[in-house]
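The values are calculated or read from the model by the stated rules, or taken from the named source; none is laboratory data. Because the structure is predicted, anything quoted here is derived from the model rather than measured. Ideal geometry is used to build each Cβ from the backbone, glycine not excepted, and the neighbour counts take in all protein chains shown.
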Amino acid sequence: MKENGTRLRWPRGHLRHPMRPSMALLRKDLLLERRAPEAVPAMLLFTVTTFVLFHFGLGRDEVAGRLAAGVLLVTLLFAAILGINRLFVSEQEEGGFDGVLLAPIDRTALFVAKACALFLFLALVELVAVAAFSILLLGPSPWPALPGLILVLALLNVALAVVGTLVSALAIRTRARDLIVPIVALPMLVPALIAAARASAPLLAADGAGALPTKWLAVLALYDLVFGLLAYAVFDFLLED
Amino acid sequence: MHGKRLRVLSLATLAALTATFALVFFYAPLDADQGFIQKIFYVHVPVAIVTLIAYVVGGVFAALHLRTRDRAWDLRSYVVIHIAIIFNILGLVTGAIWAKASWGHWWVWDEPTLVSFLIVFLLFATYQPLRFSIEDPERQSRYASVFAIMAGAFVPLNFMAVRAATAYVHPRVLATSDGGMPSQMALTFVVAIVAMTLLFALMCTYEITSKSTSWQLRALRRRLLGDEAVAPLGRSAAPAVDGAGTGSAPARPRGTAEATS
């Protein structure tokens with residue numbers, strides 16, 4: 001009895017670090033995705049298929065500059081919608097929300113964990129997507145553009161993760177969640193897409209990679225900051241029942 | 001309760017709109033380049049300004065709703081956004097007409113006001129479907145407020161991003177209002193803004209009054225005739241309001257069967 005009692009108690013200092021619950025939730029999500037891959041393979045297949053569709057839709061073998069940036073980023077945006085749709089499905093169907101509400105942790109821990117998970121999923125998808133894009137469609141060599149592109153994609157991923165997590169949580173308990181996610185998330189992500197496309201277009205230019213436009217990186221970073229803070233502040237209200 | 005305020009506001013709006021149109025047609029000078037069609041500016045720009053401010057105000061009301069838990073703020077936020085969507089459509093249409101008249105195309109992508117207007121419209125057009133797809137009224141108002149706050153913050157950010165991304169063709173009316181616009185035009189413009197703001201406030205007051213009156217009526221009916229006399233509520237995108245003053249809480253549509261398991 002006594003031994004049981006001590007074992008059931010939280011270890012001392014276990015919850016002291018504020019990021020600890022988030023990390024536990026994130027580990028859970030990554031484990032789930034590793035054991036039963038669902039979102040990432042679907043997003044990957046979708047991306048490559050969309051590149052093929054763009055090839056035929058545009059009637060071009062190679063793209064460069066703003067066209068290349070547009071094709072790559074719009075494809076990633078649509079792929080992200082797939083991931084956003086699935087983000088809270090396990091919470092909704094297997095009682096994960098109740099688990100988080102019952103646990104003595106801050107509710108925003110779930111937001112941080114989900115946004116991190118979405119960020120990592122997107123990064124994983126982009127790893128393959130950018131490679132596939134440079135082989136299938138991109139005209140100029142991808143290597144000189146790579147450092148700048150990584151920076152742009154990282155900032156875009158933050159935007160997608162933050163807005164996506166919030167919209168996903170907003171839509172998961174509505175009657176038409178698959179419809180709500182794209183119609184809400186896509187217009188909200190327009191400024192992020194504008195900034196990311198403008199920032200990455202000179203990198204993919206046909207006549208060699210140009211300089212990274214810092215103005216657009218700043219706009220993207222501002223978007224991340226504003227929506228990150230806002231989403232963090234209002235996420236609590238989505239988990240109140 | 002709203003009667004007196006409504007009458008004063010209606011008369012003030014009527015007077016302001018009459019004054020605006022009188023000034024537009026008989027006082028403001030014809031534009032040297034664009035001629036008569038330029039006068040649509042006195043409708044388009046005030047409508048656009050009122051719409052954008054209203055979206056932000058809707059977000060502020062939503063934040064107040066989440067803070068105070070007072071459902072009245074949700075109603076205000078809903079009504080302001082609802083009317084703002086109508087103004088938004090009006091702004092898009094007048095903008096398209098103006099674009100056709102002065103540039104020869106119905107749609108001009110390098111006009112930041114029009115483009116960001118379209119994006120903002122697309123975002124806020126999802127407000128009603130979002131509300132409609134949530135049945136539990138309490139959760140509906142909470143989720144709608146979260147959306148309204150995000151979307152309210154989105155408006156200025158979007159405006160900035162679109163403006164930075166487009167070449168300047170659009171007449172910079174406000175930037176040059178001191179030097180470029182003749183004082184007669186400026187006066188007309190100011191009166192037009194006042195009139196559109198009043199019109200917006202009037203429409204909001206009407207909708208709030210109508211909604212709370214029908215709720216009051218509902219509550220009174222239930223009290224007089226019993227629960228059976230009042231038809232159950234269907235699903236609605238509009239927030240349910242307390243019958244003002246009667247103290248009886250509105251019935252939830254079809255109970256709270258959707259509670260989480």
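Below are the figures for this structure:
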item	result
Cβ-Cβ under 7 Å pairs, at least 6 apart or on other chains, the range B:24-40 side farther than 16 Å from B:Ala186 by Cβ, far side among the β-branched types (Val, Ile, Thr)	B:Ile40/B:Thr94; B:Ile40/B:Ile97
Segments classed as helices (runs of 4 or more DSSP H), wholly inside the range B:64-173, with at least 2 members that are surrounded by fewer than 18 Cβ atoms within 10 Å (Cβ to Cβ) and either at the interface with chain A (Cβ under 8 Å from one of its Cβ atoms) or among the polar types (S, T, N, Q) (or both)	B:127-132, B:137-165
Selected residue [in contact (Cβ under 8 Å) with a residue 60 or more places away in the chain and over 13 Å from the mean Cα position of the chain (by Cα)] from A:Leu155, A:Leu160, A:Leu212	A:Leu212
Within the range A:53-67, tally of residues that are over 26 Å from the mean Cα position of the chain (by Cα), modelled with pLDDT under 90 and either outside any loop (DSSP other than H, G, I, E, B) or closer than 17 Å to A:Phe78 by Cβ (or both)	0
Unique residue being touching a helix residue (DSSP H, G or I) at 6+ places or on another chain (Cβ under 7 Å) and modelled with pLDDT of 95 or more when the list is A:Leu76, A:Leu32	A:Leu76
Only one of A:Ala113, A:Ala69 that is crowded, with 17+ Cβ neighbours inside 10 Å and either basic (Lys, Arg) or more than 26 Å from A:Thr174 (Cβ to Cβ) (or both)	A:Ala69
Candidate set: the range A:204-229, residues that are buried (at least 21 other Cβ atoms within 10 Å of the Cβ) and within 10 Å of chain B (Cβ to nearest Cβ); chosen: the one farthest from B:Asp136 (Cα to Cα)	A:Trp216
Residue list for the range B:208-252, restricted to those being charged (D, E, K, R), outside any helix (DSSP H, G or I) and at pLDDT 75 or above	B:Arg235
All positions within the range A:140-153 that are surrounded by 17 or more Cβ atoms within 10 Å (Cβ to Cβ) and not in a helix (DSSP H, G or I)	A:Pro140, A:Pro142, A:Ala145
Single match in A:Ile150, A:Ile194, A:Ile172 (criterion: facing chain B (nearest Cβ under 7 Å) and among the aliphatic types (A, V, I, L, M))	A:Ile194
Condition check for A:Ala201: more than 9 Å from chain B (Cβ to nearest Cβ) and at pLDDT 95 or above	no
Single residue of A:Ala159, A:Ala131 found to be assigned to a helix (DSSP H, G or I), closer than 29 Å to A:Met19 by Cβ and at pLDDT 90 or above	A:Ala159
Per-region count, the range A:170-179, residues in contact (Cβ under 8 Å) with a residue 12 or more places away in the chain and surrounded by fewer than 24 Cβ atoms within 10 Å (Cβ to Cβ)	4
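Okay, residues lined up against (1) over 30 Å from B:Phe147 (Cα atoms); (2) of a type outside the set (Gly, Ala, Ser); (3) touching a helix residue (DSSP H, G or I) at 6+ places or on another chain (Cβ under 6 Å):
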position	(1), (2), (3)
B:Arg7	yes, yes, no
B:Lys39	yes, yes, yes
B:His44	no, yes, yes
B:Ile53	no, yes, no
B:Gly59	no, no, yes
B:Ala63	no, no, yes
B:Ile81	no, yes, yes
B:Ile85	no, yes, yes
B:Ile89	no, yes, no
